[in-house]
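The values are calculated or read from the model by the stated rules, or taken from the named source; none is laboratory data. In this text, all values refer to a predicted model and were calculated from it rather than measured experimentally. Cβ placement follows ideal geometry from the backbone for every residue including glycine, while neighbour counts extend to all protein chains displayed.
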Amino acid sequence: MTASPADGDLRASIVIPVYNEGQGIVPIVQRIAEIVQIPTEILCVYDTEDDSTVPFVEDLHRQDPSIRGVLNTLGRGPAKAIRAGFSHAKANSVIVTMADGSDDPESIEHMVRLIERGCVVVAASRYMPGGAQVGGPAFKQLLSRAAGLSLYWVARVGTRDATNSFKAYRRSWVEEVGIESADGFEIGIELVAKARRQRAFVAEVPTIWLDRDTGASNFKLMKWLPRYIHWYLHAFGFGAATEPVT
């Protein structure tokens, strides 16, 4: 059994929102634990206790106490699951990554170091030199790339990939500005937009994103698109932020 790092030694909390991943979560978590060598905890956040991911996360926890399940009590959906993960995170660097294996954990230690140096958001970027996106729906990729590059070159948000959910955050800053997203994965662009409005430091590191090769995506583009547009415009200075969701 692997010893769990003491809370004071943790340098990163990795939050993974899960939804009926079943046994598929096991190689994803094991790969992260193998690659990330700094003291880290891995939080798999699920909406209901009967989620098929739960028994496999419990088994992983028995093998390695730094891996644990978190029940999201804020309401269903990825945004609330991510917020629940933040509320349970013990480290000041919080990384949000997906349960489908599309994100490359090789980027995580570099992202954490940039948070520790003063950034409030660090994006794993598919659209900067050295990054790439392999697979995935062409229309979704086109929208993401257009939004990311226009935000980078025109709004000067500090990353070419504001829409990517794979990001690291300074937890104390997130607690200060709050999270308003209540449904999809728009938290990533929300917090980039808020950092831009505050002139806080945002950085990016290159990543290679690979489309999931098993299971079905839980991403609901058309349902969540209006919220992405809201935060896209917010980064350009349109609109005032509302009160954080509690």
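If residue 76 passes every condition in (1) among the basic types (Lys, Arg); (2) under 22 Å from residue 172 (Cβ atoms); (3) in a loop (DSSP other than H, G, I, E, B) but one, which one does it miss?
(2)
Among the residues of the stretch 10-51, what is the count of those that are part of a strand (DSSP E or B), more than 17 Å from residue 166 (Cβ to Cβ) and aliphatic (A, V, I, L, M)?
Summing the residues that are part of a strand (DSSP E or B), more than 17 Å from residue 166 (Cβ to Cβ) and aliphatic (A, V, I, L, M) in the stretch 10-51 gives 0.
Which residue out of 107, 125 is surrounded by 22 or more Cβ atoms within 10 Å (Cβ to Cβ), in contact (Cβ under 8 Å) with a residue 40 or more places away in the chain, farther than 30 Å from residue 65 by Cβ and not charged (D, E, K, R)?
The unique qualifying residue is 125.
Among the listed residues 14, 35, which satisfies the condition of being surrounded by 19 or more Cβ atoms within 10 Å (Cβ to Cβ) and either under 27 Å from residue 172 (Cα atoms) or at pLDDT 95 or above (or both)?
On the way: 35 fails: surrounded by 19 or more Cβ atoms within 10 Å (Cβ to Cβ).
The unique qualifying residue is 14.
Take the conditions in contact with a Cys (Cβ under 9 Å, 6 or more places away or on another chain), within 21 Å of residue 78 (Cβ to Cβ) and either at pLDDT 95 or above or surrounded by fewer than 24 Cβ atoms within 10 Å (Cβ to Cβ) (or both) and apply them to residue 200. Does it pass?
Here the answer is no, as residue 200 does not meet what is asked.
Given the criteria out of contact with any Phe, Trp or Tyr (no Cβ under 6 Å at 6 or more places or on another chain) and under 21 Å from residue 185 (Cα atoms), does residue 104 qualify?
Working: out of contact with any Phe, Trp or Tyr (no Cβ under 6 Å at 6 or more places or on another chain): yes; under 21 Å from residue 185 (Cα atoms): yes.
So residue 104 fits the description; yes.
Those residues that are in a loop (DSSP other than H, G, I, E, B) and within 17 Å of residue 28 (Cα to Cα), I need them from the stretch 52-73; list them, please.
52, 53, 64, 65, 66
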